[in-house]
Amino acid sequence: MELRHLRYFVAVAEEENVSRAALKLHVSQPGISRQIRDLEDEIGFQLFERSAKSLRLTGAGKVFLPEAKAVLQHAEDAVKKARAAISATHGEIHVGYAPSLTVQILPPTLRGFQGKFPNVRVALHDLSTEEMLTQLRSGKLSVALMVRLEQKMLNGLDFQELTRYPMRVAVAPKHPLAKLKAISLAQLAREPIIAYSREDYPEYHAMLAKIFAPAGRMPRIAEEHDGVSGIVLAVESGSGFALVPSCVECMVGPRLKLIPLAAEVPEVPVIAAWKKEMLTEPAKQFIATAVAVSKKP
């Protein structure tokens, strides 16, 4: 017994007509009739009651039909799973990331993922928040590692939180505030701040407004930059301070001092975001790896 015998039988049973079944399967009518007779000869009982004008299932045929369908469905499922396994180990994914937020997450995620899936190419894209949102929705990015935004900004996307980082004050080593163990909002409000560009990172400026609301005064924005490297250089030169997640410390080393705030400030949540209908199996595995990495102490 072969799968084609079962396909022919199911088609004839559903159509209750050999001619219509032959048209549906794109085979000849004599060919389908012969295959069903061969099946009946092999299993040792009739599946159909035949007359000049009708074709009906026998009692045994009615019992056999759902089992035949189940076998065909099982075979189809096996093929789909095998194809999914192949797609999970081959191909390409595009990952957007924010360097300052992913400096501790991304390297071990890449090592873990490529150790398991060496034939999947991971293309990395250093992008602003706005760029990541746009490219996720257009399908140019498979997944993005970014700060968690307000829900309305994530509409149409799925996400999973990976980790959270406390906020730190970044200053040059010779800055007057560098000697303090903790810095108040009132002290910072009198100092110039180095910020991300408002156009590319509107959520950063919204966060600053919330942080300094209790102080009743916003620091003067001395410079805006489109990336963390520009911010680090500006702070290092003494142009002002910056508010950054604690993970940035491993990027700057002795170039800057990162000091805690003497105030309760929400931590910075980092998420993996994706568009559900565009999530491929390799991207799914990449997200799972990032989640596993983030859970490690």
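Structure notes:
- Projected label distance in nm at Ala123 and Lys140, using a 7 Å step from Cα toward the beta-carbon: 1.0 nm
- Contact order normalised by residue count of the chain, Cα under 8 Å, 6+ apart, percent: 23 percent
- Global geometry of region 24-149, whether rounded, prolate or oblate, following the gyration tensor of its Cα atoms and the 1.5 cut on a/c: prolate
- Taking a straight Cα-Cα cut-off under 18 Å and skipping sequence neighbours fewer than 8 places away in the same chain, the lysines within cross-link reach of Lys257 are Lys174, Lys179, Lys181.
- Rounded to 10°, Cα long-axis angle of helix 3-15 versus longest principal axis of the chain: 80 degrees
- Rounded to 10°, Cα long-axis angle of helix 202-212 versus longest principal axis of the chain: 50 degrees
- In this simple spin-label model, placing a label point 7 Å from the Cα along the Cα-to-Cβ direction at both Glu264 and Leu154 gives a separation of 2.3 nm.
- On full extension, the segment bounded by Ser54 and Lys116 gains 16.6 nm, given 0.36 nm per residue less the C-alpha separation.
- Each of [x] 1.63; [y] 0.94; [z] 1.10 is a candidate for Cα Rg over 2.2 N^0.38 Å; the one calculated from this structure is [x].
- Over 22 Å apart at the Cα level, from the set Lys152/Lys276; Lys80/Lys276; Lys152/Lys210; Lys81/Lys140, are Lys81/Lys140.
- Sites Ala209 and Ser237 - FRET efficiency at Förster radius 22 Å, r taken between beta-carbons, to 0.05: 0.30
- Amide hydrogen neighbours beyond the local backbone of Tyr196, cut-off 5 Å, H modeled: His225
- Label-to-label distance for Arg20 and Met278 is 4.3 nm, based on points extended 7 Å past Cα in the beta-carbon direction.
- In region 3-88, Cα pairs under 8 Å separated by at least six residues give a relative contact order of 27 percent.
- This ranking places Glu40, Glu161, Glu264 by how few other beta-carbon atoms lie within 10 Å of each, fewest first, which gives Glu264, Glu161, Glu40.
- Applying Stokes-Einstein at 4 °C and 1.567 mPa s to the Kirkwood radius of region 3-88, computed over alpha-carbon pairs, gives a translational diffusion coefficient of 94 µm² s⁻¹.
- Here the Debye sum runs over all C-alpha atoms of region 120-244 as equal scatterers in vacuum, and log10 of I(q)/I(0) at q = 0.18 Å⁻¹ comes out as -1.04.
- Cα centroid of region 131-179 to Cα centroid of region 260-293, whole Å: 9 Å
- Between Ser246 and Ala186, the C-beta separation translates, for a Förster distance of 25 Å, into a calculated FRET efficiency of about 0.70.
- The chain - mean residue ellipticity at 222 nm from DSSP helices (-39,500 (n - 2.57) per run, n ≥ 4, rounded to 500): -14000 deg cm²/dmol
- Using a cutoff of 8 angstrom between alpha carbon atoms and counting only pairs six or more residues apart, the relative contact order for region 167-266 works out to 51 percent.
- Stretchable slack from Glu130 to Leu72, in nm (0.36 nm times residue separation minus alpha-carbon distance): 16.2 nm
Values quoted throughout were computed directly from the atomic coordinates according to the rules given, and no laboratory measurement underlies them. The structure displayed is predicted, hence computed values, not measured ones. Virtual Cβ from ideal backbone geometry, glycine too; neighbours counted across all protein chains shown.
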